[in-house]
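Student: One structure follows; several queries about it will come next.
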Amino acid sequence: MSTRASTLAGRVMSAPSIIALFLWMIVPLGMTIYFSFLRYNLLTPGMEEWIGFVNYKFFLTDHAFFASLANTLVLVGSVLVITVIGGILLGLMLDQPIFGRGILRILVISPFFIMPTVNALVWKNLLMNPVSGFFAWISTSLGFQPIDWFTNAPLTAIIIMVAWQWLPFATLILLTALQSLDRDQKEAAQMDGAGPISIFFYITLPHLSRAITVVILIETIFLLSVFAEIFVTTGGGPGLSTTNIAFLVYTQALLQYDVGGASAGGIVAVILANIVAIFLVRLIGKNLDA
Amino acid sequence: MESKFKTPFGQFAYTVFAWIIGLAIFFPILWMVLTSFKSELDAVNMPPLFLDFNWTLENYTGILEQSNYFKFAMNSVILSFGSTFIGLIFAVTCAWAMAFNPTKRTKDTLLWMLSTKMMPPVGVLVPIYLVFRDWGLLDNRFGLIMVLFLMNLPIMVWMLYTYFKEIPKDILEAARMDGATLPKEIIFVLLPMAIPGIASTMLLNVILAWNEAFWTLNLTTSDAAPLTAFIASYSSPEGLFWAKLSAASTLAVAPILIVGWFSQKQLVRGLTFGAVK
Amino acid sequence: MRNIMGAALCALLAGGVAFGASAETKLTIATVNNGDMIRMQKLTDDFTKKNPDISLEWVTLEENTLRQRVTTDIATNSGQYDIMTIGTYEAPIWAKKGWLAPLEDLGADYDVDDLMPAIRAALSNDDKLYAAPFYAESSMMMYRKDLFEKAGIEINGRLTWDQTLDIAKKLHDPDNGVYGICLRGKAGWGENMALISTMGNAYGARWFNEEWKPEFDGQEWKDALSMYVNILGKYGPPGATSNGFNENLSLFNAGKCAMWIDATVAASFVTNPKDSKVADQVGFTEAPCAVTCTGANWLWAWSLAIPASSKNTEAAEKFISWATSKSYAELVASKEGWANVPPGTRMSLYQNEKYLDAAPFAIKTLAAIDSADPINSTLKPKPYVGVQFAAIPEFQGIGTVVGQQFSAALAGQVSVDQALANAQESTDRTMQKAGYY
């Protein structure tokens, strides 16, 4: 049906978005690339000078860089695993007839509507505080030492918060996919004597593969730049144990006001994110006949 | 759907189990709301106080007296809905074109669009800030609407594209046979079928824009400041703050939470990203 | 379709724009969300009544966010604010760069000479005042008189850190919910590093030598950090690495700390029975010394300044004069009681019998502020100004990175030696990159 006229119309119609996005990408990106070759501290204006790759050298040889790269991957990977598995389980749960299913569904998806800052503040103070937090009370009433989250398991604490926020998103998409599962196919398998576990692995899971791909792709984009949760709770510490790439760039940009260094870090982050993206698309691309 | 449980007891146990899980996930929000009605000393009390404390509204009255909540909330509404409306205009046309007149490069274009979201915002803060300063867009609602619109545009195009693709092309062919022009085709044939997809795209973007906390905090001072800035004035002051913070948080998330609750069915129906065949 | 949506949007925007419009001079004031500032916002009716042509727009933010907002604004000359709340760290740096308007016309009855000399010096450049102190603080020790009495401990003269360690050990009783000592552990130049820097000073250490080289490889820092990790790690509360001022305040008020060394402003919170379970049991004494008492307590003043880019300098100066005047203190006293007057900025406040009666902590606060000197705060000579910081632009970044290393040492992730080596390396890199050597 692609006549020449409709192709032209298609071009014209998609052009505004593409141009807008292109400008949104290229203007800051261009400026950032330019800044990344300058010695440019916001606090010493007028002293900018061209210094070549020095900013990149400093960023890439900083031992904080590798630590934060590892933290970023662990954070994204763990949250993906938790939300996908949790999302499937919750999806299966909500797919059954339960008393008050509508309300239950509302409860489960609510975390998605909470601002990341609020999420972090509530978890840090009201729940995970080792002295007056709710979790500390549970531990002590069960006779355990309260877990000192932000000292002993800071990254885990961040992962839990972020996963809590994104679990509803995964659940929603996976639940929708589950509901579209062909009942006849399932019943036929049941007739043939397949147990619930083999039905899950041979029918349900393959049916979900596309939805899982979508969840992974969209979440990865957002998780690579997780920031508010870290800023509010641990400030990247103790040590570097919760510093991800986005937070490392933040320390350069808004603590050291080293625009040159932050720009170099930003460019490195973009390159890394795109490598991850290409990897992802390759790995799961066949599921995405976009 | 018929029950797969063999005994009523099995059904009962399962329901109880499911409710426990659901309440556990919801608990942090519940606890926040509960804490917002406590006095500061009760809020840090150990063991925690569940219902047996002096319920008080002093946190809420204090906050409403101290800051102009409605101005912040109004800005949040304007920013999130404004950016979503502009986004929809751009994204619907773009996704329509991509879905019905795909070219070889459509897939690459889509992935490129998504990749524009991968720059950590803090890395481009200074360039954007300088541009905004020079154009007089700092603390300006329009400027912020543009930022939020551009930030979420890739997701919108993607969502709508995958939704439009599910619409059978035969119908369009038939409409065209009947002599429908392009605009008519979109308004009378396509849009009605695409309403669920558009509605859930809209909702998702309102949520994302409402919760965006980096640009909205760094590019505003007062006139355009939304609820994220409101929260920033209650996190970690000197002195006990849990109860007040909880009340402020409750006020900040309540509007979007209620919108979300009422529209969750709509959200579910369209939130597929093409994941459902 | 497009037109309808566009029209709807325009209507929406227009509706919104109508909000902030006003005819008179509007002052946009950026401030931190601390109690004294919040109180000031409630009392501004007094100011607007006297100055009906001036309206005030408050931007209240949490400390870290505030700092990043105002710094970005002033460094890019964006002119979003007419008055900024800044500290003794920013004031001298910004004044030197010409980013702040000097406060030369604060009014006849302002009495600049009444300001505490140390604070006035910290906020001035070339003898001109660039920021007016709203409230000021030093650091001191707050302790539980009841617990000290029960254990038979008496304080004679100024404590040393070794003695403090012994006391913490004696009073540490986690089974009954009492920890020996509460200190800041959260990483940040204004968080744990404020305390650790004063400990460093007490052990004879300094941030930089005369050649601007960091000195974390010296024995002084090793002694200081070992003491810090030892005392807080063994006799501190769980979760110490995420405790800042607030968290410790909550702990102390809940009766869980036997000792707490922190800002002097905490005194009015811990003695307030509405917030504190131990209000009548709090004693105050100076922060501990080690090899020296020089620089063993810090100095900070939240102050109001006018960016040079402001177009409303005159109105802004009027407001600053009002907010930091003697009559503002009286206004607070008449509305909320003398104990709630912003402390530490004016000598006259400490000669006021009513204040001294209402604030049992006043004498110790005054002594602490008086003894803090931003110029001579280390045993060995140093090239920088500041007790618990070095007033150079690079310090925020350096202090934060070093603070992270020290919190890692406290968490037991790295050894004291390793943390110091890392701190030395990263500070050295930053100073080198910034072109100091």
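The values are calculated or read from the model by the stated rules, or taken from the named source; none is laboratory data. No experiment lies behind these values; they were computed from the predicted model shown. A quick note on method: Cβ atoms are made from the backbone with ideal geometry, for glycine too, and the neighbour counts reach across all protein chains shown.
Student: Can you list the helices (runs of 4 or more DSSP H) found entirely within the stretch B:27-129 that contain at least 1 residues being more than 28 Å from A:Pro168 (Cα to Cα) and without any contact (Cβ under 8 Å) to a residue 24 or more places away in the chain?
Tutor: Of the helices (runs of 4 or more DSSP H) lying wholly inside the stretch B:27-129, those with at least 1 residues that are more than 28 Å from A:Pro168 (Cα to Cα) and without any contact (Cβ under 8 Å) to a residue 24 or more places away in the chain span B:58-66, B:69-100, B:106-115.
Student: Filter the stretch B:229-244 down to the residues that are under 24 Å from the mean Cα position of the chain (by Cα) and without any contact (Cβ under 8 Å) to a residue 60 or more places away in the chain and list them by number.
Tutor: Within the stretch B:229-244, B:Ile231, B:Ala232, B:Ser235 qualify.
Student: Also, quick follow-up: Filtering the stretch C:401-424 down to residues that are more than 8 Å from every other protein chain (Cβ to nearest Cβ) and not hydrophobic (A, V, I, L, M, F, W, C), which residue is surrounded by the most Cβ atoms within 10 Å (Cβ to Cβ)?
Tutor: That would be C:Gln424.
Student: A further question on this structure: Report, by residue number, each residue of the stretch A:24-54 that is in a helix (DSSP H, G or I) and more than 19 Å from B:Tyr129 (Cβ to Cβ).
Tutor: Result: A:Val54, single match.
Student: Can you pull out every residue in the stretch C:168-182 that is part of a helix (DSSP H, G or I) and surrounded by fewer than 22 Cβ atoms within 10 Å (Cβ to Cβ)?
Tutor: Within the stretch C:168-182, C:Lys169, C:Lys170, C:Pro174, C:Asp175, C:Asn176 qualify.
Student: Please tell me if B:Gly123 is at the interface with chain A (Cβ under 7 Å from one of its Cβ atoms) and at negative phi.
Tutor: yes
Student: Still on this model: Of all residues in the stretch C:393-437, which are of a type in the set (A, V, I, L, M) and either within 23 Å of A:Glu48 (Cβ to Cβ) or assigned to a loop (DSSP other than H, G, I, E, B) (or both)?
Tutor: Scanning the stretch C:393-437 gives C:Ile398, C:Val414, C:Met431, C:Ala434.
Student: Still on this structure: What are the pairs, 6+ residues apart or on separate chains, where a residue within the stretch A:113-138 that is more than 15 Å from B:Ala248 (Cβ to Cβ) and within 11 Å of chain C (Cβ to nearest Cβ) has its Cβ under 6 Å from a residue that is of a type in the set (Asp, Glu) and not in a helix (DSSP H, G or I)?
Tutor: That search, which allows pairs on different chains as well, returns A:Pro130/A:Asp148.
Student: Where residues in the stretch A:147-157 are buried (at least 19 other Cβ atoms within 10 Å of the Cβ), facing chain C (nearest Cβ under 8 Å) and free of Cβ contacts under 8 Å to residues at least 40 places away in the same chain, which of them is nearest to A:Asn71 (Cα to Cα)?
Tutor: Among them, the one singled out is A:Trp149.
Student: Which of the residues spanning the stretch C:32-50 are farther than 10 Å from C:Ala323 by Cβ, polar (S, T, N, Q) and outside any helix (DSSP H, G or I)?
Tutor: Result: C:Asn33, C:Asn34.
Student: Name the residue, out of C:Leu103, C:Leu147, that is surrounded by 21 or more Cβ atoms within 10 Å (Cβ to Cβ) and assigned by TED's automatic domain parsing to the domain that holds C:Ala194.
Tutor: None of the other options fit; the residue is C:Leu147.
Student: So, one more: Out of the residues in the stretch C:255-286 meeting the condition of being crowded, with 20+ Cβ neighbours inside 10 Å and among the small types (Gly, Ala, Ser), tell me which one is farthest from the other protein chains (Cβ to nearest Cβ).
Tutor: Residue satisfying both the conditions and the ranking: C:Ala258.
This table checks each residue for (1) over 30 Å from C:Pro273 (Cβ atoms); (2) in the same structural domain as B:Ser233 (by TED's automatic domain parsing); (3) surrounded by 12 or more Cβ atoms within 10 Å (Cβ to Cβ).
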site	(1), (2), (3)
B:Pro28	yes, no, yes
B:Leu34	no, no, yes
B:Ser39	no, no, yes
B:Asn45	no, no, yes
B:Leu51	no, no, no
B:Thr56	no, no, yes
B:Phe72	yes, yes, yes
B:Ser76	yes, yes, yes
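Student: Can you tell me which residues in the stretch B:71-102 are of a type in the set (Val, Ile, Thr) and more than 7 Å from chain A (Cβ to nearest Cβ)?
Tutor: Correct list: B:Val77, B:Ile78, B:Thr84, B:Ile86, B:Ile89, B:Val92.
Student: Which residue, of A:Val84, A:Val79, A:Val74, is surrounded by fewer than 18 Cβ atoms within 10 Å (Cβ to Cβ) and touching a helix residue (DSSP H, G or I) at 6+ places or on another chain (Cβ under 7 Å)?
Tutor: Matching residue, one of A:Val84, A:Val79, A:Val74: A:Val74.
Student: Another question about this same structure. Which numbered condition trips up C:Lys150, out of (1) closer than 22 Å to C:Tyr179 by Cα; (2) touching a residue at least 24 places away in the same chain (Cβ under 8 Å)?
Tutor: The failed condition is (2).
Student: Restrict the check to the stretch C:100-122 and report whether at least one residue is within 14 Å of chain B (Cβ to nearest Cβ) and modelled with pLDDT of 90 or more.
Tutor: Scanning the stretch C:100-122 turns up no residue that is within 14 Å of chain B (Cβ to nearest Cβ) and modelled with pLDDT of 90 or more.
Student: Out of all the residues in the stretch C:206-216, is one or more closer than 30 Å to C:Leu100 by Cβ, in a strand (DSSP E or B) and not assigned by TED's automatic domain parsing to the domain that holds C:Thr294?
Tutor: no
Student: Follow-up question, since we're still on this one. Going through the stretch A:54-88 one residue at a time, which ones are touching a residue at least 24 places away in the same chain (Cβ under 8 Å), farther than 21 Å from A:Asp258 by Cβ and among the small types (Gly, Ala, Ser)?
Tutor: Answer for the stretch A:54-88, where residues must be touching a residue at least 24 places away in the same chain (Cβ under 8 Å), farther than 21 Å from A:Asp258 by Cβ and among the small types (Gly, Ala, Ser): A:Ser78, A:Gly86, A:Gly87.
Student: When the residues of the stretch C:237-267 are filtered to those that are assigned to a loop (DSSP other than H, G, I, E, B) and over 20 Å from C:Phe148 (Cβ atoms), which remaining residue is modelled with the lowest pLDDT?
Tutor: Taking the candidates together, the pick is C:Gly239.
Student: Any idea which of B:Thr181, B:Thr201, B:Thr221, B:Thr216 is touching a strand residue (DSSP E or B) at 6+ places or on another chain (Cβ under 7 Å), of a type in the set (S, T, N, Q) and assigned by TED's automatic domain parsing to the domain that holds B:Asp170?
Tutor: B:Thr221
Student: A:Trp123 fails exactly one of the following numbered conditions: (1) surrounded by fewer than 24 Cβ atoms within 10 Å (Cβ to Cβ); (2) modelled with pLDDT of 90 or more. What is the number of that condition?
Tutor: The number of the failed condition is (1).
Student: Now, a different point. Would the stretch C:345-358 turn up any residue that is aliphatic (A, V, I, L, M), away from every other protein chain (no Cβ under 14 Å), in a helix (DSSP H, G or I) and over 22 Å from C:Ala122 (Cβ atoms)?
Tutor: Scanning the stretch C:345-358 turns up at least one residue that is aliphatic (A, V, I, L, M), away from every other protein chain (no Cβ under 14 Å), in a helix (DSSP H, G or I) and over 22 Å from C:Ala122 (Cβ atoms).
Student: Another question, then. Against the conditions (1) more than 16 Å from B:Ala224 (Cβ to Cβ); (2) more than 8 Å from chain A (Cβ to nearest Cβ); (3) assigned to a helix (DSSP H, G or I), where does B:Ile155 fall short? Just the number, please.
Tutor: (2)
Student: I would also like to ask the following. Just name the residue that is farthest from the chain's Cα centre (by Cα) out of those in the stretch C:287-315 that are within 14 Å of chain B (Cβ to nearest Cβ) and closer than 30 Å to C:Arg144 by Cα.
Tutor: Out of the qualifying residues, it is C:Trp302.
Student: Scan the stretch C:27-39 and give yes if some residue there is modelled with pLDDT of 85 or more, surrounded by fewer than 17 Cβ atoms within 10 Å (Cβ to Cβ) and either within 21 Å of the chain's Cα centre (by Cα) or not assigned by TED's automatic domain parsing to the domain that holds C:Lys311 (or both), otherwise no.
Tutor: Yes, there is a match, as at least one residue in the stretch C:27-39 is modelled with pLDDT of 85 or more, surrounded by fewer than 17 Cβ atoms within 10 Å (Cβ to Cβ) and either within 21 Å of the chain's Cα centre (by Cα) or not assigned by TED's automatic domain parsing to the domain that holds C:Lys311 (or both).
Student: Checking the conditions here, which among A:Thr251, A:Thr242, A:Thr233 is β-branched (Val, Ile, Thr) and under 16 Å from the mean Cα position of the chain (by Cα)?
Tutor: Criteria check complete, one pass: A:Thr242.
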